[in-house]
Amino acid sequence: MTREKRLLVDVRPLRVGAFRRLWAAGIVTALGAQLTAVVVPLQIYEFSGSSACVGLAGLVGLAPMAAAALWGGALADVRDRRRLLLTTTVGIGVTSSLLWAQAWANLRSVGVLLVLVGVQQALFGANSTVSRAVTPRLVPPELVPAANALQSVVLLSAGIAGPLVAAGLLPVAGSGTLYLADALAVCATVWAVWRLPALPPLGGRERGQGPLPRRIMDGVRFVTRRQLLLAVYLSDFAALSLGLPTALFPQLAAETFRPSDIGVLYAAVSAGGVLAGLFSGAFTRVRRHGVAVAVSVGVWGLALAGFGLARSLVTAVAWLLLAGGALLALGVFRKTVLQTAVPDGMRGRLQGIDTVVAVGGPRLGDLLHGTVEAALGVTWTVTGGGVLTVGAALALLLLFPVLRHHRAPSGREQETLGA
């Protein structure tokens, strides 16, 4: 393989038929999901005339998503993951159909929308948890980082393209049509999941199964007793809570740049992730996954510290592109460690905990940045958060030697973990 090809996105996982179908279907489904993500807040604001109600929709979905992620992760360790994935995917499609029905019936009810959002977010939490536990069962261990990179590129690309498509179609087609398009797009993933082989727990049902809360707590204890996993969770939490300044983007656009630039700021991080994904071959073959996690957090913090000091939009976007690339790399290696460094019977629960961290970190980050900005100002808050993130990455490397020494398990080692 030439050096140039090794730098481009590693497409070897697409040679695996089951993964290829799931990934290709995910492109369609992720784009459809973004249509609903745009239309729901617009409808809520149209019905209520209140931005507070729009914010409430985010809070309404948070608790069900977190609870369902833990529940789905626990079930994924003792049930056939294909069936769980199929059930939750169909559920998401049915909920999108109900969103279409309320738009068609012109109910104009914020309450109905909030209930449907809560149900859909719960299904999404369980679905994403089970899906990540499925990936290492579909591709060889050495291809798991590349598979995670491919999936991340799909989600980030949909996050950019989806709102643009929704903005173009909404005035012409209306909200109901966009909901219906989302429901139809889910059918692609239903087909791909239907084609998957059965994915029962390796070695039969887990011996330690019992009440659901006890299984979840078993997963929490498993994390706290293993320094590598704890360090990875702390790394991700530090990056998302200390270094994610999206709550301050509106203020930065109004005071430092131009109000119309806010869309560019939001899109730049995702665009950086997509660019990094296109050249992910440069890092997905790295075997020192623990160091890669820490380095990604450090680069993310450094980029955001630079962004806080930027006074031109071009410079700010350049820093955000670098930050987005680091965030994609962090996600790839974090998921890979949680998928390959644990027994198959624990993967579901660990992915459930990971979903909670990934959802809770940014929410706490919004609160921290908003509170600190009132005391220190926007520049010190953004740059200081970036510097603290770099410090957290260095501290984790020093405090957790296993993070420095961990390497990707070989195929034989992976078979031992899965047994």
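Observations, loosely collected:
- Scanning segment 263-318 for residues that are buried (at least 19 other Cβ atoms within 10 Å of the Cβ) and outside any helix (DSSP H, G or I) returns Phe283, Thr284, Ala310.
- Yes/no for Arg349 being outside any helix (DSSP H, G or I) and not hydrophobic (A, V, I, L, M, F, W, C): no
- Note on segment 128-144: residues that are in contact with a Leu (Cβ under 7 Å, 6 or more places away or on another chain) and crowded, with 22+ Cβ neighbours inside 10 Å amount to 3.
- Qualifying residue in segment 354-365 (condition: closer than 27 Å to Glu142 by Cβ, of a type in the set (Ser, Thr, Tyr) and outside any helix (DSSP H, G or I)): no
- Verdict on Leu202 being modelled with pLDDT of 90 or more, at negative phi, of a type outside the set (Gly, Ala, Ser) and outside any helix (DSSP H, G or I): no
- Considered as a group, the residues in segment 340-358 that are in contact with a Gly (Cβ under 8 Å, 6 or more places away or on another chain) and β-branched (Val, Ile, Thr) include one that is nearest to Ala310 (Cα to Cα), and that residue is Thr355.
- Helices (runs of 4 or more DSSP H) enclosed by segment 1-108 - at least 3 residues per element that are buried (at least 19 other Cβ atoms within 10 Å of the Cβ), out of contact with any Ser or Thr (no Cβ under 7 Å at 6 or more places or on another chain) and modelled with pLDDT under 95: 17-48, 51-76
- Just one of the listed residues (Ala158, Ala185, Ala238) is assigned to a helix (DSSP H, G or I), farther than 23 Å from Asp344 by Cβ and outside the structural domain of Leu8 (by TED's automatic domain parsing), namely Ala238.
- Some residue of segment 326-344 being within 25 Å of Glu255 (Cβ to Cβ) and either of a type in the set (Ser, Thr, Tyr) or surrounded by 23 or more Cβ atoms within 10 Å (Cβ to Cβ) (or both): yes
- In segment 378-419, the residues that are at pLDDT below 80, under 26 Å from the mean Cα position of the chain (by Cα) and among the charged types (D, E, K, R): none
- Taking segment 241-291 as the range and being without any contact (Cβ under 8 Å) to a residue 24 or more places away in the chain and either hydrophobic (A, V, I, L, M, F, W, C) or in contact with a Cys (Cβ under 6 Å, 6 or more places away or on another chain) (or both) as the test, the residues that pass are Phe249, Ala253, Ala254, Ile262.
- Qualifying residue in segment 248-262 (condition: surrounded by 16 or more Cβ atoms within 10 Å (Cβ to Cβ), modelled with pLDDT of 90 or more and not in a loop (DSSP other than H, G, I, E, B)): no
- Flag for Leu62 being of a type outside the set (Gly, Ala, Ser) and in contact with a Lys or Arg (Cβ under 9 Å, 6 or more places away or on another chain): yes
- Where a residue in segment 292-304 is more than 21 Å from Val382 (Cβ to Cβ) and its partner, wherever it lies, is surrounded by fewer than 24 Cβ atoms within 10 Å (Cβ to Cβ) and β-branched (Val, Ile, Thr), with Cβ under 7 Å and at least six apart: Ala292/Val286
- Which listed residue, of Val232, Val193, Val220, Val172, is under 30 Å from Gln43 (Cα atoms) and part of a helix (DSSP H, G or I): Val172
The values are calculated or read from the model by the stated rules, or taken from the named source; none is laboratory data. It should be emphasised that the depicted structure is a prediction, and the values quoted were computed from it without experimental measurement. Every residue, glycine among them, receives a Cβ derived from its backbone with ideal geometry; neighbour counts consider all protein chains shown.
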